[in-house]
Amino acid sequence: LPLSTSTFDYSSYHTLDEIYNFMDLLVAENPNLVSKLEIGRSTENRPLYVLKFSKGGSNRPAFWIDTGIHSREWVTQASGVWFAKKIVQDHENDQVLASLLDTMDIFLEIVTNPDGFAFTHTKNRMWRKTRSKHSGSICVGVDPNRNWDAGFGGSGASSNPCSETYHGPYANSEPEVKAIVDFVKSHGNIKAFVSIHSYSQLLLYPYGYTRTPVPDQKELHEISEKAVAALTSLYGTQYKYGSIITTIYQASGGTIDWTYDQGIKYSFTFELRDTGRYGFLLPAKQIIPAAEETWLALQVIMQHTLDNPY
Amino acid sequence: TETFVGHQVLRIIPTSDEELQKVQELQDLEDLQLDFWLEPRGLGLPVDVRVPFPSLQPLKVHLEANGISYSIMIEDVQELLEQEQTEMLRSSR
């Protein structure tokens, strides 16, 4: 295992243990900025770790980023690792980051579905869901992006336990989802929530479960336009943006529909690259370019959150 | 460990409502064991589907019989997986 986060290979995919080891190294190297919280345990009793980046204070407004909720989307967990190092590296010299951390905290959950992620490394690279087993289901796993209490069980999710979009027996049935729900509710001061998926190069905002536009649709659309422009400026990667239901399809029980309904206005989902050559099997050499371009978009959302307190 | 020898990923771009519906109907054919990487979303938007080897021929015949064009995005999924594994081993060494 690498001895420091400076020798960690960010241009390669890593196992769950290597990522958890990276987290411990980052915390040990930056005790005044980074801490590691355990917000719960997965179905198979793996810890659910969230990195907290804070310059002090208590219960400050916060910016949440999660990656890897769909375990096979490896470029997202790898990007989460890169984001963590970027925040540490730039927290004093980057104007956006420095000003954000002056008044806000950042929470980053890199491996949101550790059971599924471990399974992709050991048994089935194509695994997407959790690894829960519910009575009466002949198949394993629930789609953790259909299990939230927002339009739960509606169109845009499957009631078939063998489907990749199975919504689960009830909302928050998955401990990986329940842990975030409890954390968001207990913290109560999260102002932006970004959940990162792959692939198909989209920046999406609520809703997915209904065609009713969100009250803040105009503002979210404008932010998306600016964020996508920043992202594309680096390598020319083309993104589409809009609400989930108008841009891709109806999806019920989704993460950011729930966070938006909790009052977290700046709720977004990214679908990172691939352009249609590799799909989920994006070559490792594209990890850093994908993370770099996404970071530019995240900074637009950060700046807007900072400039528009609510 | 599950292997994906001979699995292919096909890219289908529905150009009419009729085609879109035909592709959506594929999602209900459980015995084909199709894994939709990108689900049917709308006209002109790509649908990417991983097809196990035994389902390849029947699916291609079905698509061609319905005049639905497709391209092969990944010739052999297992080959890409092995490249990925090799990369990871190289990096960890």
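For residue A:249, the stated conditions do not hold, so it cannot be described as of a type in the set (Phe, Trp, Tyr), farther than 30 Å from residue A:59 by Cβ and not in a loop (DSSP other than H, G, I, E, B). For segment B:45-55, the candidate set comprises residues that are touching a residue at least 40 places away in the same chain (Cβ under 8 Å) and within 11 Å of chain A (Cβ to nearest Cβ); within that set, the residue that is surrounded by the fewest Cβ atoms within 10 Å (Cβ to Cβ) is B:52.
Tell me the strands (runs of 3 or more DSSP E) entirely within segment A:1-77 that contain at least 2 residues that are modelled with pLDDT of 95 or more, under 26 Å from residue A:264 (Cβ atoms) and of a type in the set (D, E, K, R).
Details: elements: A:34-41, A:47-53, A:62-67.
Correct list: A:34-41.
Scan segment A:31-54 for residues that are over 30 Å from residue A:168 (Cβ atoms) and crowded, with 16+ Cβ neighbours inside 10 Å and the total you get is 4. Listed by first and then second residue, the pairs with beta-carbon distance under 6 Å, at least 6 apart or on different chains, first residue in segment A:114-125 and facing chain B (nearest Cβ under 9 Å), second modelled with pLDDT of 95 or more and outside any loop (DSSP other than H, G, I, E, B), are A:125/B:81.
From the list A:263, A:236, A:242, A:188, which residue is within 14 Å of another protein chain (Cβ to nearest Cβ), more than 30 Å from residue A:133 (Cβ to Cβ) and surrounded by fewer than 18 Cβ atoms within 10 Å (Cβ to Cβ)? Walk me through it before giving the result.
Working: A:263 fails: within 14 Å of another protein chain (Cβ to nearest Cβ); A:236 fails: within 14 Å of another protein chain (Cβ to nearest Cβ); A:188 fails: within 14 Å of another protein chain (Cβ to nearest Cβ).
Just one listed residue meets the conditions, A:242.
Given the criteria closer than 28 Å to residue B:7 by Cβ, touching a residue at least 40 places away in the same chain (Cβ under 8 Å) and part of a helix (DSSP H, G or I), does residue A:179 qualify? No: the conditions fail for residue A:179.
If you check B:82, B:25, B:87 for being away from chain A (no Cβ under 11 Å) and assigned to a helix (DSSP H, G or I), only one passes: B:25.
In segment B:10-21 there is no residue matching the filter, namely being in contact with an Asp or Glu (Cβ under 8 Å, 6 or more places away or on another chain), within 10 Å of chain A (Cβ to nearest Cβ), assigned to a loop (DSSP other than H, G, I, E, B) and closer than 25 Å to residue A:271 by Cα. Residues that are closer than 18 Å to residue A:135 by Cβ and within 14 Å of chain B (Cβ to nearest Cβ) within segment A:159-174 comprise A:159, A:160, A:161, A:162, A:163, A:166, listed in sequence order.
Look at segment B:35-44 and say how many of its residues are assigned to a loop (DSSP other than H, G, I, E, B) and either facing chain A (nearest Cβ under 8 Å) or crowded, with 18+ Cβ neighbours inside 10 Å (or both).
Taking segment B:35-44 and keeping what is assigned to a loop (DSSP other than H, G, I, E, B), we get B:39-44.
So of that shortlist, the ones also either facing chain A (nearest Cβ under 8 Å) or crowded, with 18+ Cβ neighbours inside 10 Å (or both) come out as B:39-42.
Total meeting the criteria: 4.
Checking each residue in segment A:193-209 for being in a strand (DSSP E or B) and away from chain B (no Cβ under 14 Å) picks out A:193, A:194, A:195, A:196, A:203, A:205.
The values are calculated or read from the model by the stated rules, or taken from the named source; none is laboratory data. Computed from a predicted model, the values in this text were never measured in an experiment. In this analysis, Cβ positions are derived from the backbone assuming ideal geometry, glycine residues included, and neighbour counts consider all displayed protein chains.
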